[in-house]
1. So is VAL83 of a type outside the set (Phe, Trp, Tyr), within 21 Å of GLN22 (Cα to Cα), part of a helix (DSSP H, G or I) and out of contact with any Gly (no Cβ under 8 Å at 6 or more places or on another chain) or not?
2. Could you check the range 56-80 and list, in sequence order, the residues that are crowded, with 24+ Cβ neighbours inside 10 Å, assigned to a loop (DSSP other than H, G, I, E, B) and not small (Gly, Ala, Ser)?
3. Determine the pairs where a residue that is assigned to a loop (DSSP other than H, G, I, E, B), located within the range 186-211, has a partner that is among the β-branched types (Val, Ile, Thr) with Cβ atoms under 6 Å apart, the partner being 6 or more residues away or on another chain.
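The values are calculated or read from the model by the stated rules, or taken from the named source; none is laboratory data. Because the structure is predicted, anything quoted here is derived from the model rather than measured. Here Cβ is always computed from backbone atoms with ideal geometry, including for glycine, and neighbour counts include all displayed protein chains.
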Amino acid sequence: MDVELTKNLPPEAMPPVPPLEQVEKLVSASARIHGHLCPGQVIGVRMSILGLGLLGYPSPLPYPEIKNLVGVVESERCLADAVAVASGLRFGRGSLKLINLGLLAVSFGEISSGRAVRLISREKARKLALDYVPQANNPHAAQTEAYKIMPNDELFDASWVELKIPAHEMPGARPPKMACEQCGVMVRSGQAVHQDGRTLCPVCAGRAYFNPGAKLEL
């Protein structure tokens, strides 16, 4: 069942649990891409359905609606793959961002209006899993199945937020490429660093994630 494309849906307007068929389909798709099934993927799927629904969109997003949304995942692991599958947002399109805070949380924002919603997983849901699936062999299995059917208010805390993503990092048109004045590499997506009167790439500006080694001859 798709969520009707209306705006400003209050939480009480959302079904407390999305259709199991929808959840199962998206979880299976996520597991194929991720390589295995785990509770975090179910959380990511449920977050996507609820978060997009609160903004008035279905999960996954259709075209052209997908061009009007941006998502931010706060953990680099299984949650990120599940959100990408269930929302349709992609890192390669610039519509899905990773800001790794080590939190099982995700935000979805509507570009045209600036409205955004953030959902974070409730720790108590882990303890409630066995109440929903008492026949499970272990907590991992219980969580994986329970998270598919638990009500939204037991799984998540939700709040309206204002995203602080720089304009040059939003989906769509990007700033012009600029050449690094030290190494000559082209810098994209507005990531050039203006330092001591020069335009540098982040590596030459000392902001690399690695220490340079010997150059290879190819």
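1. no
2. Once the filter is applied, which keeps residues that are crowded, with 24+ Cβ neighbours inside 10 Å, assigned to a loop (DSSP other than H, G, I, E, B) and not small (Gly, Ala, Ser), the range 56-80 yields only TYR57.
3. ALA192/THR199; CYS201/VAL185; CYS201/VAL187; PRO202/VAL193; ALA205/VAL193
Conditions tested, residue by residue: (1) in contact with a strand residue (DSSP E or B) (Cβ under 9 Å, 6 or more places away or on another chain); (2) assigned by TED's automatic domain parsing to the domain that holds LEU104; (3) aromatic (Phe, Trp, Tyr).
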position: ASP157; (1), (2), (3): yes, yes, no
position: GLU162; (1), (2), (3): yes, yes, no
position: MET178; (1), (2), (3): yes, no, no
position: GLY184; (1), (2), (3): no, no, no
position: ARG188; (1), (2), (3): yes, no, no
position: GLY197; (1), (2), (3): no, no, no
position: PRO202; (1), (2), (3): yes, no, no
position: ALA205; (1), (2), (3): yes, no, no
